[in-house]
Amino acid sequence: MTQVEIAGITGLSPATVSNMVKELDTAGALELAPSIRNGRRAVMVSLATGNTLLAGIAFGDRDVRVALGTGPRDIVGRQRMPLPADHAADEGMDRAVRLLLDLVEKAGKTMRDVRAVGVGIPAPVDRVSGQVGSESILPGWRGVAVADEMHGRLNAPVAVDNTANLAALGELRCGVLQGIQHGVYIKLSYGVGAGLILDGEVFRGAAGTAGEIGHLTIDENGPVCRCGNRGCLETYIGARGLLDALAGSHGPLSLRDVITRALDGDPGCRRVLEDAGRHLGVAVAGLVNLVNPEVIVLGGQLAKVGSIITRPMRASLERCAIPSAAASVSVRHSELDTDADVVGALVAAAALLPATESVLAAASSIS
Ligand SMILES: [Zn+2]
């Protein structure tokens, strides 16, 4: 757009915009071209398309997904590979690196063009040590310093965070949480996690474990969870709990089977997911009372069942939360679908770039 249009949209003065354009042009970050606007001569300002590539990697409990892009909104290639449950960290990281090398090659580039990498892990990541900070949530990754390990393999700066935090970041910059000050992203998949946006930023807490909604106690006397606690939300709505509840009546199913059958109207599968929605609503009510978010975004595989989960969730939320807090929160579906964490990983990677390059990458996330 033109400098006048940039000033209009940002609310900055034309002089400030002019100075910034000059500065960025000197740094080689912009392309300027003569144009006509409203019959007057103007200069079109656009981003210089450089060779900068970013990589986003999101590990799941059962797979790893990798995206390569020039920015969070400009993904040039993506790949996914299944991972065995309880896989070792080395195996997961090696597979991710192979997928990334393959994408880089297909894009006609080399790893030297990949300037930064964002990595998501489906477990708490200790902010101080950078290690996967849970004894039992992702056992094969316990104590692994992922950023150092990945840096050793890729020779590029690496940012590591919990996948739910990254998904929240992805939605904040490029999805349904854009412009929201206080929001929550909840990932419903094999496990359950949440990323909190407070005051327009991802909130990680003292050690980086904020948002572990899956391990919120729903029933002190409930079944023992993989984290060692009893009656965690995840024991009710995580894949293991859901599949166990159906094993007697339906035999062995995958999570995807349950989702498909529920959407096809299977009463048992629907019932189990409705109960999951009810339990989720109780936990979300606690979150709504504590944080008072404007928006709750549901993402991950299970969110695909839509109202089968959201209707009972909303009912529990209204029953258990402070009425004014429950009334003011809107529940939405992820715009980025299962890509939210990978997009967030690209946003985190962009933040590692030196200032000029990050302007290019970040600008690709301004709509
Ligand atoms: Zn737990």
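Read the figures in this text as sums done on the coordinates, not as results from a lab. The structure presented is a predicted model; accordingly, all values stated were derived computationally and were not measured. Positions of Cβ are generated from backbone atoms using ideal geometry, with glycine treated the same way; all protein chains shown enter the neighbour counts.
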**Asked** What list of ³J(HN,Hα) values in whole Hz, one per residue of the stretch 251-260 in order, does the Karplus curve 6.51 cos²θ - 1.76 cosθ + 1.60 (θ = phi - 60°) give from phi, with Gly and Pro shown as x?
**Response** x, x, 10, 9, 4, 4, 4, 4, 4, 4
**Request:** Would you mind calculating the gained length between MET81 and HIS333 on full extension (0.36 nm times residue separation, minus the Cα-Cα distance), in nm to one decimal?
**Result:** 88.2 nm
**Complete:** Any residue on another chain or 5+ positions along whose placed amide H is under 5 Å from the amide H of PHE203 is listed here as LEU196, ILE197, LEU198
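So how do ARG142, ARG256, ARG115 line up by other beta-carbon neighbours within 10 Å, fewest first?
On the way: ARG142 15, ARG256 11, ARG115 21.
Listed from fewest to most nearby Cβ atoms, that is ARG256, ARG142, ARG115.
Determine how many Å³ per residue the convex hull of the Cα atoms of the stretch 53-168 encloses.
Working: hull volume 10.1 nm³, N = 116.
Measuring per residue, one finds 87 Å³ for the Cα hull of the stretch 53-168.
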**Asked** Taking amide hydrogens as modeled 1.01 Å from N in the peptide plane, which residues meet the under 5 Å criterion relative to GLY222, leaving out close sequence neighbours?
**Response** GLY231
**Item:** Per-residue HN-Hα couplings for the stretch 285-295 [Karplus 6.51, -1.76, 1.60; θ = phi - 60°; Hz; x = Gly/Pro]
**Value:** 4, x, 5, 5, 5, 7, 10, 6, x, 7, 9
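Counting Lys and Arg as +1 and Asp and Glu as -1, what is the net charge of the other residues whose Cβ lies under 11 Å from the Cβ of GLN301? Mind dumping the intermediate values first?
Numbers: positive: ARG62, LYS187, ARG256, LYS304; negative: ASP61, ASP63, ASP337.
Its environment carries a net charge of +1.
Between ALA88 and VAL224, how high is the FRET efficiency from 1/(1 + (r/R0)^6) when r is the Cβ-Cβ distance and R₀ = 25 Å? Nearest 0.05. The partial results should precede the final answer.
Details: r = 24 Å, r/R0 = 0.97.
Once the sixth-power term is evaluated, E becomes 0.55.
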**Complete:** Given the candidates VAL291, SER307, LEU216, the one whose Cα lies deepest towards the positive end of the charge dipole of the chain, counting +1 at each Lys or Arg C-beta and -1 at each Asp or Glu C-beta, is SER307
**Request:** Return one number: the angle in degrees, 0 to 90 and rounded to the nearest 10, between the long axis of the Cα atoms of helix 239-250 and the longest principal axis of the Cα atoms of the chain.
**Result:** 50 degrees
**Prompt:** Can you give the charge dipole size of the stretch 178-334 about its Cα centre, rounded to the nearest 20 debye, using +1 on the beta carbon of Lys and Arg and -1 on the beta carbon of Asp and Glu?
**Reply:** 240 debye
**Asked** Which of the lysines could a cross-linker bridge to LYS304, judged by Cα under 30 Å and excluding same-chain residues fewer than eight apart?
**Response** LYS187
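Output the antiparallel fraction of DSSP beta bridges having both residues in the chain, as a percent to the nearest 5. Don't jump to the answer; show the numbers that get you there.
Values: 36 of 56 bridges.
Here the share of antiparallel DSSP bridges comes out near 65 percent.
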**Request:** Would you kindly state how much longer the chain becomes between ASN289 and LEU32 on full extension, computed as 0.36 nm times their sequence separation minus their alpha carbon distance, in nm to one decimal?
**Result:** 87.5 nm
**Long-range amide H partners of GLY133 with built H, under 5 Å** = VAL125, ASP126
**Request:** For the stretch 318-329, take each phi angle, set θ = phi - 60°, evaluate the Karplus expression 6.51 cos²θ - 1.76 cosθ + 1.60, and give the result in whole Hz per residue in order, putting x for glycine and proline.
**Result:** 5, 6, 9, 9, 4, x, 5, 5, 5, 5, 8, 9
**Request:** Run the quick spin-label model on ILE322 and ALA351: label points 7 Å from Cα toward the beta carbon, then report their separation in nm to one decimal.
**Result:** 2.9 nm
